[in-house]
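Shown next, in structure tokens, is the structure this report addresses.
The values are calculated or read from the model by the stated rules, or taken from the named source; none is laboratory data. As the structure is a computational prediction, the values presented were derived from the model and not from experiment. Methodologically, a virtual Cβ is constructed for each residue, glycine included, from the backbone with ideal geometry; neighbour enumeration extends over all protein chains shown.
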Amino acid sequence: MILGQYRTLASFKCVAPTLAFHLRQMPKIVGDVAQSFSSKCASGSDGKGKKSKKGGGADKGKKSKKGEKVKKSACGGGSDGKGKKKDGKDNLSAVLHAIEDLRLEQTPIPEALPGQVLLAMDTVGICGTDVHYLTKGRVGSFVLKKPIIMGHEASGIVAKLGKGVKNLKEGDRVAIEPGECCRICELCKKGRYNLCPHMKFCANPPYNGNLRRYYNHMADFCYKLPDHVTMEEGALLEPLSIGVASCRRAKVRLGSHVLIIGAGPIGLVTHIVAKAWGAASTTILDLNEQRLQVAMDLGVTHALKVCKDMDVQEAAQKLIKEIGARPDRTIDCVGNEQAVRLGIYCTRSGGICTVTGMGAADIKFPLMEALTREVDLKGVFRYCNDYQSALELVATKNTGVKKLVTHHFDIEDTIEAFDTSRHRKGNAIKVLIHVQKRDKNNKKPFDK
Ligand SMILES: NC(=O)c1ccc[n+]([C@@H]2O[C@H](COP(=O)([O-])OP(=O)(O)OC[C@H]3O[C@@H](n4cnc5c(N)ncnc54)[C@H](O)[C@@H]3O)[C@@H](O)[C@H]2O)c1
Ligand SMILES: [Zn+2]
Ligand SMILES: [Zn+2]
């Protein structure tokens with residue numbers, strides 16, 4: 001069912017050509033859009049027929065060849081690339097060697113050092129950052145200079161305790177907060193450990209990630225999952241924590257009117273958190289109708305389509321008119337110049353405009369507009385003490401976060417999983433990779 005409005009901000013010069021483009025390229029989706037133009041709430045359509053089938057990813061299409069291109073692991077182990085090592089220990093890992101060179105190969109099973117746990121990995125999500133390293137070899141100042149193991153949105157089972165670990169036991173199901181800060185620098189001590197200059201973050205060069213069968217991690221950055229929370233939701237706590245951090249930085253609270261720019265996984269989880277925290281309204285913008293449909297399924301108040309070549313100031317005025325008032329909290333989940341500019345122009349005087357999106361390094365934005373209307377501009381970098389809140393959210397509320405998951409793959413099909421994610425095949429939003437058999441560690445199946 002379509003909840004809320006779903007409309008193109010109509011005065012943009014680009015509307016007609018864009019629509020024409022969609023008519024040629026995506027007739028099914030245009031059907032929905034046309035319907036929602038004619039009826040404000042478009043209650044007759046549920047749009048379900050247009051979604052990709054959940055769980056279909058691993059079963060559909062050609063399977064990637066296991067261990068293709070594999071010769072020798074650059075992350076420390078010899079490998080035959082086909083699963084089992086000769087000594088019988090299997091630590092199949094997804095190793096990014098260079099741009100467009102992702103391989104499945106064996107790496108050594110690590111030891112659980114003091115304070116760490118060895119984890120038998122269960123579920124790992126693919127994130128835009130992973131895709132960026134695959135296609136560009138860098139994100140901002142982080143550059144891939146030597147091979148790394150991919151994966152940072154993950155959950156696993158405690159397989160072994162390192163010395164001194166008291167908070168977990170073998171067999172515990174955990175979500176993994178993927179950074180390890182130094183704990184002794186000024187920022188760590190001040191409780192802003194996400195800004196620690198010595199942070200070792202999974203799959204952020206030069207550090208290895210956890211898309212592999214076995215991985216060790218500091219026990220106090222592992223969060224035990226209650227029985228009713230699935231391993232998949234455990235992996236989704238990573239993007240959800242970005243949503244929590246974004247709403248925390250934007251001071252979203254009861255009665256806030258929140259504008260979210262971008263309906264990708266990060267924009268969608270930001271809406272989930274804002275709604276759970278009592279936002280009076282959430283308005284979400286995107287270029288892509290399918291993503292706006294998902295946003296509507298998740299209960300946004302307004303879902304509005306924007307265009308690539310829109311006039312930002314004109315669009316801001318349209319948006320304010322459309323939703324009846326300026327949002328007092330804006331969270332950019334795109335990161336390009338157009339989106340950040342739009343965010344500043346839309347935000348209410350005295351409000352907060354938070355930029356979570358990470359796009360171009362240098363952008364032009366209307367500083368005087370922000371200064372003279374006292375719109376506070378804030379950045380968000382990952383999360384800090386937000387994982388537990390994200391866990392409480394999925395454990396206690398029906399957040400709908402599962403709706404982000406469009407595809408599932410086995411670890412052996414990692415190459416295909418990345419291909420699906422980067423090309424948004426089957427309208428992919430969140431693609432999950434299963435290191436163990438699906439639902440093996442869930443009390444009830446993920447899809448139920
Ligand atoms: N700050 C952090 O710690 C942090 C963490 C994770 C991700 N990110 C960043 O957050 C952003 C979003 O991540 P994601 O995984 O959702 O990415 P995504 O690419 O899947 O989604 C971005 C969405 O924005 C839409 N979009 C593009 N241009 C737009 C525009 N001008 N107006 C409105 N919508 C537009 C796209 O259609 C897409 O649906 C990325 O820039 C990512 O790098 C930041
Ligand atoms: Zn991520
Ligand atoms: Zn530190």
Inset, instruction - Under 8 Å between Cβ atoms, at least 6 apart or on separate chains: pull out the pairs that start in region 182-198 with a residue that is on the phi < 0 side of the Ramachandran plot and end on any residue that is more than 16 Å from ligand 1 (Cβ to nearest atom) and not in a loop (DSSP other than H, G, I, E, B). - result: Cys182/Cys188; Cys196/Cys188
Legend entry - Elements of type strands (runs of 3 or more DSSP E) contained in region 164-259, each with 3 or more residues being touching a Ser or Thr at 6+ places or on another chain (Cβ under 7 Å) and assigned by TED's automatic domain parsing to the domain that holds Asp413: 173-176
Inset, instruction - Please identify the pairs in which a residue from region 112-140 that is under 21 Å from Arg213 (Cα atoms) has its Cβ atom under 6 Å from the Cβ atom of a residue that is within 16 Å of ligand 3 (Cβ to nearest atom) and in a strand (DSSP E or B), counting only partners at least 6 apart or on another chain. - result: Gly115/Met218; Gln116/Met218
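Here is a yes/no grid of residues against (1) surrounded by fewer than 17 Cβ atoms within 10 Å (Cβ to Cβ); (2) within 15 Å of ligand 1 (Cβ to nearest atom); (3) farther than 23 Å from Ala390 by Cα:
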{"position": "Ile272", "(1), (2), (3)": "no, yes, no"}
{"position": "Leu298", "(1), (2), (3)": "no, yes, no"}
{"position": "Cys307", "(1), (2), (3)": "no, yes, yes"}
{"position": "Asp311", "(1), (2), (3)": "yes, yes, yes"}
Inset, instruction - Determine whether region 339-347 contains at least one residue that is farther than 30 Å from Phe142 by Cα and small (Gly, Ala, Ser). - result: no
Legend entry - Counted residues, region 149-160 - those being more than 16 Å from ligand 1 (Cβ to nearest atom) and either in a loop (DSSP other than H, G, I, E, B) or small (Gly, Ala, Ser) (or both): 3
Legend entry - Test set (1) touching a residue at least 40 places away in the same chain (Cβ under 8 Å); (2) within 26 Å of Asn442 (Cα to Cα); (3) more than 16 Å from ligand 1 (Cβ to nearest atom) - Lys163 fails condition number: (2)
Legend entry - Hits in region 242-269 (condition: more than 9 Å from ligand 1 (Cβ to nearest atom) and crowded, with 24+ Cβ neighbours inside 10 Å): Gly243, Val244, Cys247, Ala250, Val252, Val258, Leu259, Ile260
Legend entry - Breaking point among (1) near ligand 3 (Cβ under 10 Å from one of its atoms); (2) aliphatic (A, V, I, L, M); (3) in contact with an Asp or Glu (Cβ under 9 Å, 6 or more places away or on another chain), for Leu187: (3)
